[in-house]
Amino acid sequence: MTEFLSPVLGWLPQTIQFLIVTLIQIGIIILGVTLAVAYLTYAERKVIGYMQVRLGPNRVGPKGLLQPIADVVKLMFKEIITPAVANRVIFYAAPIIILLAAYVAWAVIPFDDGWVIADVNAGLLYVLAVGAAGVYGVILAGWASNSKYALLGGMRSAAHKVAYELAMGFALVGVLMASNSLNLGEIVRGQSGSILHWYWLPLLPMFAVYFISGVAETNRAPFDIAEGESEIVAGFHVEYSGMGFALFMLAEYANMILISALTALLFLGGWLSPFQGTFLEPAFALVPGIVWFLLKIAFLLFLFLWFRATFPRYRYDQIMRLGWKVFIPVTVLWIFVEGVFVYFKLGPWFS
Amino acid sequence: MSFEKILFYILASITVITALRVITVKNPVHAALFLVLTFFSTAMIWILLEAEFLGIVLILVYVGAVMVLFLFVVMMIDVNMAPMREGFIRNLPVGVFVALVMIIELALVVGPSVFGLQSYPAPAPAPAGTNNTLALGQVLYTDFVYAFEIAAFILLVAIVAAIALSQRRRSDAKYQDAAAQAKVRREDRLRIVSMPAVKAVVESAEAVQSPEGGEKKA
């Protein structure tokens, strides 16, 4: 990108050039993610609609394609209501915190070989840390609303996020052991070879645990107890209207995309072609890596929607049981198994 | 003044101010949030010192796990601050004395005479491409492996002990056995009765419609 803009910016000092290029990159990612979120809501309604033999949105624009824009306009013009005795500062800060966390993590996501804003060594830890900061949005929204349903939602979410974050962290330890690196680009490069070299195969239990925990972390059905419309109305965001509510929705969908991107990077070979190492490789040689990456993200996002259309909501105690008593032991056990694999340099993965 | 220095002074002042606010603010939830901000700016300072692994781990562990549980507890208990402030004036001299002694001790132990630039000159900046996650791991698992593993083991024992001490099983509460729930077969819950099909005979329209004379003939 720097080379691309050098005829325009060449006369500026090096630092200013760097700043401008980074700002442009950030702008592209924010715009891209926001647009993806808008059309993910559309895709969700369409996909679930077809799964339930309905049509989904089909009135605004051709095939309902302008529906997300209509939704945004509607939410922007709605009145913002602050509940009585709510803690105003925290009440308005909460949706901003949660949105910030959902966007900031994109800084270390490589879209193709070297297409990353900040190629930091501890990228994986950075993603985990930013995700951890996002928990505050939900808890603070629940507390600051001064409403019992919101508080219950916040409490539930605090408890279940801590449980699933642990399982996710252990799953990442597995990836770390396989790749010997915390840098997301290095992790993807470690998977090159063929579709069987990707980490989903040697880390199959971790892959399942990571993705399911990701669904839980983003408060998506069937783990959406923090919202739980049927029990606690809408949980932590029950008191939010207009843009406050829109920011929560935006963050939820941005987090879904982020979790899908991370799963694609860590377990499904990121930007690598699935035909690598087969006779089909030359036929697809011209396809840029980012296309494969986006296709993998799209597939995982479809799974998110599919889960929502298929499963009924978990009961709260069942969620805690699944997190603490099933996922964490499974991942810990697999770390031991993987240790044995690494010791004996098993297969193409640990050599 | 270099950019790093400006950044350091900004972050350091945020750290100090928020740390002060933790103990001066009235609302315990606000205090917890100020503590979170203190951790954040401390982590930023560490990253500025090229210790990015430690900085990120600080956020991950303290902000992501410890403070979430802290907030969880603080939000649930309704702390009434008025009785806590009662003895403030009476206890003030003792508090000030203890604080002063601690500051003097700290200054003696880690003050400029011991940790000043004379005894520890500023290290040369690490060359580009230094992986300090790798460096930390190598030191931790070679030179200090016993200390590290023993510390981990003591923590594990502490966790087990804390759970064992605080666990009590109430006899008046109802527990669910998830394994038993999952093991249930159809035969345990459901009995299919085979009944001969009988043609329903409706004698008159009133007998069916009247609410009190609800003797529907099967």
Leading residue by the ranking (farthest from the other protein chains (Cβ to nearest Cβ)) among those in segment B:1-39 that are surrounded by 15 or more Cβ atoms within 10 Å (Cβ to Cβ) and of a type outside the set (A, V, I, L, M, F, W, C) = B:T15
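Matching residues to (1) surrounded by 10 or more Cβ atoms within 10 Å (Cβ to Cβ); (2) over 30 Å from B:E52 (Cα atoms):
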| position | (1), (2) |
| --- | --- |
| B:Y141 | yes, no |
| B:A161 | yes, yes |
| B:S171 | no, yes |
| B:Y175 | no, yes |
| B:A180 | no, yes |
| B:E187 | no, yes |
| B:L190 | no, yes |
note = The correct count of residues that are under 16 Å from B:L54 (Cβ atoms) and either out of contact with any Pro (no Cβ under 9 Å at 6 or more places or on another chain) or β-branched (V, I, T) (or both) in segment A:119-149 is 9
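Quick check on my filter: what residues within segment A:270-283 are surrounded by fewer than 14 Cβ atoms within 10 Å (Cβ to Cβ) and assigned to a loop (DSSP other than H, G, I, E, B)?
Answer for segment A:270-283, where residues must be surrounded by fewer than 14 Cβ atoms within 10 Å (Cβ to Cβ) and assigned to a loop (DSSP other than H, G, I, E, B): A:T278, A:F279, A:L280, A:E281.
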task = May I ask you to list the residues in segment B:156-206 that are among the charged types (D, E, K, R) and not in a loop (DSSP other than H, G, I, E, B)?
result = B:K183, B:R186, B:E187, B:D188, B:R189, B:E206
ask   = Quick one: in segment A:124-143, which of the residues that are hydrophobic (A, V, I, L, M, F, W, C) and facing chain B (nearest Cβ under 7 Å) is farthest from the chain's Cα centre (by Cα)?
value = A:W143
message = Can you find a residue that is outside any helix (DSSP H, G or I), of a type in the set (S, T, Y) and out of contact with any His (no Cβ under 9 Å at 6 or more places or on another chain) anywhere in segment A:313-324?
response = yes
Matching option when the condition is over 18 Å from A:A251 (Cβ atoms), over 13 Å from the mean Cα position of the chain (by Cα) and facing chain B (nearest Cβ under 8 Å), among A:N146, A:N121 = A:N121
message = List pairs: first residue in segment B:124-137 and in contact (Cβ under 8 Å) with a residue 60 or more places away in the chain and farther than 26 Å from A:V173 by Cα, second residue of a type outside the set (D, E) and surrounded by 14 or more Cβ atoms within 10 Å (Cβ to Cβ) anywhere in the structure, Cβ distance under 9 angstrom, at least six positions apart or on different chains.
response = B:A126/B:N132
ask   = Only one of (1) without any contact (Cβ under 8 Å) to a residue 12 or more places away in the chain; (2) under 23 Å from A:T22 (Cβ atoms); (3) part of a helix (DSSP H, G or I) fails for A:G134. Which number is that?
value = (1)
query = Here are some residues: A:K78, A:K63. Which one is of a type in the set (K, R), surrounded by fewer than 18 Cβ atoms within 10 Å (Cβ to Cβ) and more than 19 Å from A:A251 (Cβ to Cβ)?
reply = A:K63
request  = Please verify whether segment B:40-57 includes one or more residues that are of a type in the set (V, I, T) and more than 12 Å from chain A (Cβ to nearest Cβ).
outcome  = yes
message = If the requirement is being aromatic (F, W, Y), crowded, with 19+ Cβ neighbours inside 10 Å, farther than 25 Å from A:S157 by Cβ and away from chain B (no Cβ under 14 Å), which of these qualifies: A:Y50, A:Y42, A:Y103?
response = A:Y42
ask   = Among the listed residues A:M243, A:M206, which satisfies the condition of being out of contact with any Cys (no Cβ under 8 Å at 6 or more places or on another chain), buried (at least 24 other Cβ atoms within 10 Å of the Cβ) and in a helix (DSSP H, G or I)?
value = A:M206
key: Hey, A:G174 more than 11 Å from chain B (Cβ to nearest Cβ), part of a helix (DSSP H, G or I), touching a helix residue (DSSP H, G or I) at 6+ places or on another chain (Cβ under 8 Å) and closer than 30 Å to A:V85 by Cβ or not   = no
Segment A:100-112 residues that are assigned to a loop (DSSP other than H, G, I, E, B), paired with ones that are small (G, A, S) (beta carbon under 7 Å, 6 or more apart) = A:I109/A:A261; A:P110/A:G185; A:P110/A:G270; A:D112/A:G289
query = Within segment A:284-293, is there a residue that is without any contact (Cβ under 8 Å) to a residue 24 or more places away in the chain, surrounded by 18 or more Cβ atoms within 10 Å (Cβ to Cβ) and more than 14 Å from chain B (Cβ to nearest Cβ)?
reply = yes
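Here, each number is a calculation from the coordinates, and none is a lab measurement. Being a predicted model, the structure only gives us computed values, none of them experimental. Counting neighbours? That spans all protein chains shown, and the Cβs are built from the backbone with ideal geometry, glycine included.
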